[in-house]
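The values are calculated or read from the model by the stated rules, or taken from the named source; none is laboratory data. Treat the numbers as computed from the prediction; the structure is a model and nothing was measured. As a convention, Cβ positions derive from the backbone with ideal geometry for all residues, glycine included, and neighbour counts pool all protein chains shown.
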């Protein structure tokens, strides 16, 4: 018995896979169209220019979607995950989702006024709290360190200045 004989031939049972395949292809086409609109701006520091990455990603998405389509049409299905620790019979944990959304929105509201370090610390601590961390002091220390590290990585390593807020002049 060959590998091809073991796959079902009775048509496509899960049409959602075709939707995912179409979504990948559309995303690839959108990347290629947007990349074609980027002007050519090569310099001695960047001889490739800004168009290379979107073109490579767009082509890669089209190739992946083509292989995925062939697999779907041949009857391939993804295997169910055995190691997933999710009870499918239970509903969503709306309290956790609500808390995560609250801290994310709070960060969006406070980042300009208080700055990234303070609002990011609140975001990181709040996310850890929402996900079950009950070591509040340690979580706050880790959140502040993480916010400071990301602030300086963005500022020094990437040259992107995050808002300092009320800590302007201190950081």
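Return a yes/no flag: does segment 77-94 have any residue that is part of a helix (DSSP H, G or I) and out of contact with any strand residue (DSSP E or B) (no Cβ under 7 Å at 6 or more places or on another chain).
Yes: one or more hits.
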Worksheet item: Can you spot a residue in segment 7-15 that is modelled with pLDDT of 85 or more and surrounded by 13 or more Cβ atoms within 10 Å (Cβ to Cβ)?
Response: no
Worksheet item: Can you find a residue in segment 49-70 that is at pLDDT below 80, surrounded by 10 or more Cβ atoms within 10 Å (Cβ to Cβ) and in the same structural domain as residue 30 (by TED's automatic domain parsing)?
Response: yes
Discussion item. Suppose we keep only residues that are assigned to a helix (DSSP H, G or I) and over 18 Å from residue 114 (Cβ atoms) within segment 150-171. Which one would you say is modelled with the highest pLDDT?
Written reply: 153
Worksheet entry | One residue from 115, 126, 132 being surrounded by 12 or more Cβ atoms within 10 Å (Cβ to Cβ), outside the structural domain of residue 22 (by TED's automatic domain parsing) and either on the phi > 0 side of the Ramachandran plot or at pLDDT below 85 (or both) | 115
Worksheet item: If you scan segment 112-160, which residues turn out to be over 18 Å from residue 100 (Cα atoms), touching a helix residue (DSSP H, G or I) at 6+ places or on another chain (Cβ under 6 Å) and free of Cβ contacts under 8 Å to residues at least 24 places away in the same chain?
Response: 160
Worksheet item: With respect to the numbered conditions (1) in contact with a helix residue (DSSP H, G or I) (Cβ under 8 Å, 6 or more places away or on another chain); (2) on the phi < 0 side of the Ramachandran plot, which one is the sole condition not fulfilled by residue 165?
Response: (2)
Worksheet item: Does residue 105 meet the test of being outside the structural domain of residue 162 (by TED's automatic domain parsing) and modelled with pLDDT of 95 or more?
Response: no
